[in-house]
Structures are given as structure tokens and as C-alpha cells.
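FYI, it's all coordinate maths here, none of it is from the lab. Every value quoted in this text rests on a predicted model; they were computed, and no experiment measured them. Cβ sites come from the backbone with ideal geometry, for glycine too, and all protein chains shown count toward neighbours.
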Protein chains: 2
Amino acid sequence: MPLCAAAAMAAPWKPLLLNAIQTNSNLKHSSFFQLATIGSHGRPANRTVVFRGFENGSDRIQINTDCRTSKVEEIKHCSFGEICWYFTDSWEQFRINGRVDIIDESEPDPLKRQLREKSWFASSLKSRLQYLGPCPGLPCISDETSSNREYSIDQSSGPVSAFCLLLLDPDQVDYLNLKSNERISFTCKQDGDGNKCWTSKKINP
Amino acid sequence: MPLCAAAAMAAPWKPLLLNAIQTNSNLKHSSFFQLATIGSHGRPANRTVVFRGFENGSDRIQINTDCRTSKVEEIKHCSFGEICWYFTDSWEQFRINGRVDIIDESEPDPLKRQLREKSWFASSLKSRLQYLGPCPGLPCISDETSSNREYSIDQSSGPVSAFCLLLLDPDQVDYLNLKSNERISFTCKQDGDGNKCWTSKKINP
């Protein structure tokens with residue numbers, strides 16, 4: 001059934017996801033999911049990242065990352081990503097596919113710059129300190145691990161240059177519930193006015 | 001440091017992985033990981049699958065799947081996959097990249113056919129029954145979910161045609177330990193005799 005016009009404003013899979021987040025919130029790892037991208041040489045790449053909430057009033061998913069990681073370079077070459085989010089307590093899986101927007105220091109749009117800043121200040125001081133460490137993925141140049149080095153950061157300082165916000169804008173969601181053995185496929189199309197229009201169908205698990 | 005010749009027979013990341021499996025074995029979901037592939041239209045695809053052990057005497061990773069799922073079609077087009085395996089108790093992540101071999105009903109190699117059969121009989125009866133259900137991913141044609149339908153299978157019957165064994169042969173492994181803040185990158189090259197030769201280096205997390 002197509003859900004366009006006014007109803008299209010709300011993605012029909014979002015209440016299911018919010019409910020899963022709530023049901024599994026006693027587990028720290030329930031906010032972790034795996035983000036797949038197209039890696040170098042066209043191979044798939046996959047890593048665990050942390051859910052940093054939805055962009056206010058939208059269904060875009062926020063992820064913080066270091067702009068020196070290879071995923072940022074990968075997303076510049078192919079801007080699509082697929083999240084696989086498995087909830088270990090409720091046995092629910094969300095596969096969320098969409099285009100990923102990179103919001104880094106060079107972002108010209110003031111609203112996006114503001115989003116990046118907001119996400120920076122929403123992070124713990126410990127999280128922020130990670131962006132001051134040596135370049136991720138490069139060989140360690142000393143036995144000293146970054147956790148042993150002492151970095152300091154002013155609580156009121158804005159985002160450092162390595163800090164990057166990724167925004168995944170879903171256009172395909174595959175929901176699987178392993179307890180009820182139900183699976184629903186959600187697909188988004190834009191109508192003539194650029195409004196998002198979601199359709200959903202029950203499919204075989 | 002390169003580890004060739006005799007030492008090359010053992011992949012240096014395997015003891016780390018076996019240890020993580022052991023340490024987290026009290027959690028049922030510790031045998032689940034996310035497998036990324038290149039999906040249709042060149043977008044990344046990502047889903048949770050179950051670890052079915054290593055192929056005997058090797059470091060190839062076994063995954064059972066239904067050959068009617070889209071991942072099998074995807075692997076036929078691009079045979080590389082990346083596993084992301086996060087252990088929620090020990091805070092360790094393994095990203096395992098390699099070529100995926102599809103062993104289905106049409107497999108001519110008798111040794112591979114035997115592997116597929118062995119993996120079939122190692123599965124629970126409940127797991128085997130799933131392969132008799134309707135085609136995964138197709139629209140449900142009735143309100144009756146497959147879990148309500150009654151299928152039966154003889155315990156001694158060999159693999160059904162939909163049953164497929166995937167074998168991922170790792171050639172790149174990225175290990176991250178979030179407790180010790182250590183990260184090691186393992187890379188495999190084949191020497192002139194076709195022997196696998198692993199090198200490893202500590203990299204910044």
C-alpha cells in the first residue's frame with residue numbers, strides 16, 4: 001500500500017525501529033550497528049558504528065566518524081551504504097539502505113554545519129578526544145598506544161577538523177522479526193513534488 | 001612481519017578469533033555476524049548470518065544459506081564479501097574480507113559436495129525445515145506465515161535443493177580490541193607455490 005501525501009512525512013518503518021531501540025535499551029551494544037559501503041577495489045567493506053540518533057524531525061540516521069577513516073573516502077566514491085542493525089534481545093533485524101551525506105569541516109551549508117556542531121557537543125568528552133589521536137588505520141609509529149597518550153580538550157571548544165558527521169537517508173528498509181517470523185519490505189519513491197512516498201509489503205522471511 | 005612457509009599454514013588472526021568465540025560463548029548471539037556483499041545496482045548489501053564453523057583444517061568460514069536469497073545472486077556477480085563480527089562481551093571486532101565460494105546442488109567437486117552435505121547434517125532439524133518454505137524475499141501469498149505451515153523432513157535425508165553452503169576464504173583481516181585499544185591489520189598474499197603468506201602490522205585504532 002502506498003503511503004504518500006501527508007502520511008508520507010512519517011516513514012512507516014520508523015515506529016518499528018523506535019520500538020526496537022526502546023525494547024533493547026538495557027543493552028549498551030543495542031546502539032551499535034554495522035555499516036556496509038563499497039570499499040577500495042570494488043570490494044564490500046563493513047564495520048561497527050554507533051547510532052547517534054535521527055536528525056531532528058526526519059528519518060535520516062546520524063553517525064559520527066573520523067574523516068581520516070577509509071569509510072569517508074569510500075563514501076565519496078560511492079555514496080550508498082547499508083546498515084544492518086540486529087537487536088539481540090528482541091531478535092529483530094533492520095537492513096537500512098540509502099545515500100550517505102558527509103558533513104565535514106568544509107561544509108558550506110550553515111544548517112548542516114550546525115548539525116555537525118550539535119553532534120559534536122552531544123558526544124562525551126572521551127569520544128571527542130579520539131579525534132585528536134593519530135590517523136586511524138596508519139601503522140603505529142611507537143609502542144605507545146593512543147590510549148596512553150594524554151590529550152586534552154576544552155569542553156566548550158567546537159568540533160575539531162577530523163570530526164565528521166554522516167547522515168544516511170533511507171530509501172529501502174527490510175525488517176525481519178525472528179520471533180514472529182515476519183518480514184516487511186519498505187521502499188521509498190519521491191513523487192513529482194519531491195515528497196517521499198513509502199510503500200510496504202509483507203515478504204517471505 | 002611476514003609469516004610464510006610452514007608458519008603460513010596457520011593464519012595468525014585465527015587464535016585471536018577462536019579465543020573471542022570461546023570468551024563470548026555464553027551469549028547465543030556471539031555466533032552471529034554481518035556479511036556485506038555488493039548488491040544489485042552496485043549498492044552495498046548487509047545482513048546477519050550464522051557462523052557454521054571453519055572448514056576442517058583451514059581458515060575458510062562456513063555459512064549456510066538458501067540459494068534463493070539475493071545474496072547468492074549477488075555473490076555470483078561479485079564474489080567478495082566482508083564479515084563484520086563484533087563480540088559484545090569482550091568488545092572485539094573482526095572485519096574479515098575474502099572471496100566467497102558458493103557450493104550448491106550443482107557443485108561438481110565431490111569434496112565440496114561432501115562439505116555441503118556435512119553442513120546440512122550439522123544443522124538442526126528446525127534449521128533444515130526453513131529450506132522447504134516459500135521463496136525468501138518474495139511477497140507473501142497468504143496470511144499464513146511459513147512458521148504456521150507444516151513441513152516435515154526425514155532426519156536422514158540429504159540436503160534439499162535450496163540448501164547452499166558459502167565458504168569465505170579470508171585474505172584481509174582487521175582486528176580491533178576496544179578494551180586494550182589495539183588494532184592489528186592482517187594481509188595474505190600467495191607465494192610462488194600458491195602457499196598463503198600472512199603479514200601483520202599494528203595500526204592506529
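With a/c under 1.5 counting as rounded, go ahead and sort the stretch A:77-183 into rounded, prolate or oblate using the C-alpha gyration tensor (a ≥ b ≥ c being the square roots of the eigenvalues; past the cut-off, prolate if a/b is larger than b/c, else oblate). In terms of gyration-tensor shape, prolate.
For the Cα atoms of chain B, what angle does the longest principal axis make with the long axis of helix B:110-122, in degrees from 0 to 90, nearest 10? Rounded to the nearest ten degrees, it is 70.
Every helix of 4 or more DSSP H residues in the protein assembly as shown counts as -39500 (n - 2.57), and over all residues that averages to -5000 deg cm²/dmol at 222 nm. Between identical copies, the spacing of B:GLY42 label points, each set 7 Å from Cα toward the C-beta atom, reads 0.9 nm from nearest to farthest.
Overall, chain A carries a charge dipole of about 460 debye about its Cα centre when +1 sits on the Cβ of Lys and Arg and -1 on the Cβ of Asp and Glu, all other atoms neutral.
The angle between the Cα long axis of helix A:14-23 and the main principal axis of chain A comes to about 60°, on a 0 to 90 degree scale.
Per the Debye calculation on the protein assembly as shown with a single equal scatterer at every Cα and no solvent contribution, log₁₀ I(q)/I(0) for q = 0.07, 0.08, 0.11, 0.13 Å⁻¹ amounts to -0.35, -0.46, -0.89, -1.23. Computing FRET efficiency as 1/(1 + (r/R0)^6) for B:LYS118 and A:THR199, where r is the C-beta to C-beta distance and R0 is 41 Å, gives about 0.45. For the protein assembly as shown, the residue among A:SER142, B:PRO139, B:SER124 whose Cα projects farthest onto the positive side of the dipole built from Cβ charges is B:SER124.
Which whole number in µm²/s is D for the stretch B:1-93 by Stokes-Einstein, with the Kirkwood Rh taken over Cα pairs at 25 °C and 0.890 mPa s? Using the Kirkwood radius from Cα pairs, D works out to 164 µm²/s.
Averaging 1/r over each pair of different alpha-carbon atoms in chain B and inverting the result gives 18.6 Å, the Kirkwood hydrodynamic radius. Copy-to-copy label distances for A:GLN190, where each label lies 7 Å from Cα along Cα-to-Cβ, are 4.5 nm in order of increasing length. Shielding by partners for peptide B:196-202, expressed as the average number of C-beta atoms from other protein chains within 10 Å of each residue's C-beta, is 1.
Neighbouring Cβ atoms from other chains, within 10 Å of the Cβ of residues in A:45-54, number 4 on average. Label-to-label distances for A:PRO108 across copies, nearest first, come out at 5.8 nm, using points 7 Å from Cα in the beta-carbon direction. Here the relative contact order of chain B, from alpha carbon pairs under 8 Å that lie six or more residues apart, stands at 26 percent. Per-residue mean of foreign Cβ neighbours for A:80-89 is 5 (Cβ atoms of other chains, 10 Å radius). Label positions at B:SER161 and A:SER127, each projected 7 Å from the Cα along the C-beta direction, are separated by 5.1 nm. A protection proxy built from the mean count of other Cβ atoms within 10 Å ranks the segments B:92-102, B:64-74, most packed first, as B:92-102, B:64-74.
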